[in-house]
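See structure below.
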Amino acid sequence: MIKFGMALILLLTSGLFAAEEPENLAVIRQAGGRVRAVAGGIEVSFHLGDRQVSADVLSRVADLPNVVTLNLKRTNINNNDLRHISQMHSLKKLHLELTKIDDRAIQYLSGLKKLQYLNLFGTSVSDVGLKELHSNRGLTHLYVWQSKITSEGIAEIQLHLPELKVVAGVDLDTIQIPDPNVPEKKPTSMLKFVASSNLSDAPQSRGGENIEVIFANKTQNTVKIVWIGYDGKPKVYGQIAAGASRTQNSYENNTWLITTLDDKPLGYFVCGPVRALAVISD
């Protein structure tokens, strides 16, 4: 409670909130939400709490001024709940991945002209819902992997939004996570290195949220990083020289094998849900 009180004081005195906002902030916090100031506005996240977000809670979020990022990943929201988001005209980044929404929810996003990033991974949204976004001129990044959106729907929206980048699969070489509101920070999580000389010990990758891994090679030798695919097959992604590091696009629950230059396995990492450091040591 002390930490929350201090955070609330800082947010209120920052000028971002009016004096009547403490009640809204308290309701959001009780629902597991986290509110923080970021460059350009505020960020509200529910994906790290109990993920039970009611329509009333979303209405409280919509009442906050200048929300630029909203993360509802894996929450219990439904189509009708998103009507509150339609009022959040400052919103630039919206996470809806792994929720139960479908085409009926997307109508509430068509008026968000500042929206740049939308994640629909693992939802039931199809080409029908995608048509609602054809006039969202600010949209630059759209994630649709494991949704019901087809290549035809992607081609159609890109005719209307030629600058739009659509990620429909697991091309780890090209995927990036844009976040124009938050400066890059050092990872706060560290992946466990599981030493093993057997390729078969490394589990096949599973799907999840798009994240980044920062590999740091603390050994005296150059190593290879190898992605273990969803079919269990290895794919070499690159080399890391002794003492060097590499930032790698990935997904949570993905497995990365570390080998010598002659392909001898040294061990592996399994990604978690957040950006993390993976230290390779002797």
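The values are calculated or read from the model by the stated rules, or taken from the named source; none is laboratory data. Bear in mind that the values here come from a model prediction, so they are computed numbers and not experimental data. Cβ atoms come from the backbone with ideal geometry, glycine included; neighbour counts cover every protein chain shown.
Some points to look at:
- Single residue of the range 193-220 satisfying the filter (aliphatic (A, V, I, L, M) and within 28 Å of the chain's Cα centre (by Cα)) that is nearest to I280 (Cα to Cα): A216
- Listed by first and then second residue, the pairs with beta-carbon distance under 9 Å, at least 6 apart or on different chains, first residue in the range 55-66 and in the same structural domain as H84 (by TED's automatic domain parsing), second outside any helix (DSSP H, G or I) and of a type in the set (D, E), are D63/E21; L64/E21; P65/E21.
- Residues of the range 39-61 that turn out to be surrounded by fewer than 19 Cβ atoms within 10 Å (Cβ to Cβ) and touching a helix residue (DSSP H, G or I) at 6+ places or on another chain (Cβ under 6 Å), as a count: 1
- Residues of the range 241-261 that are surrounded by 14 or more Cβ atoms within 10 Å (Cβ to Cβ), part of a strand (DSSP E or B) and modelled with pLDDT under 95: S245, R246, Q248, N249, S250, Y251.
- Strands (runs of 3 or more DSSP E) fully within the range 85-196 that include at least 2 residues being of a type in the set (S, T, N, Q), modelled with pLDDT under 90 and assigned by TED's automatic domain parsing to the domain that holds D63: none found.
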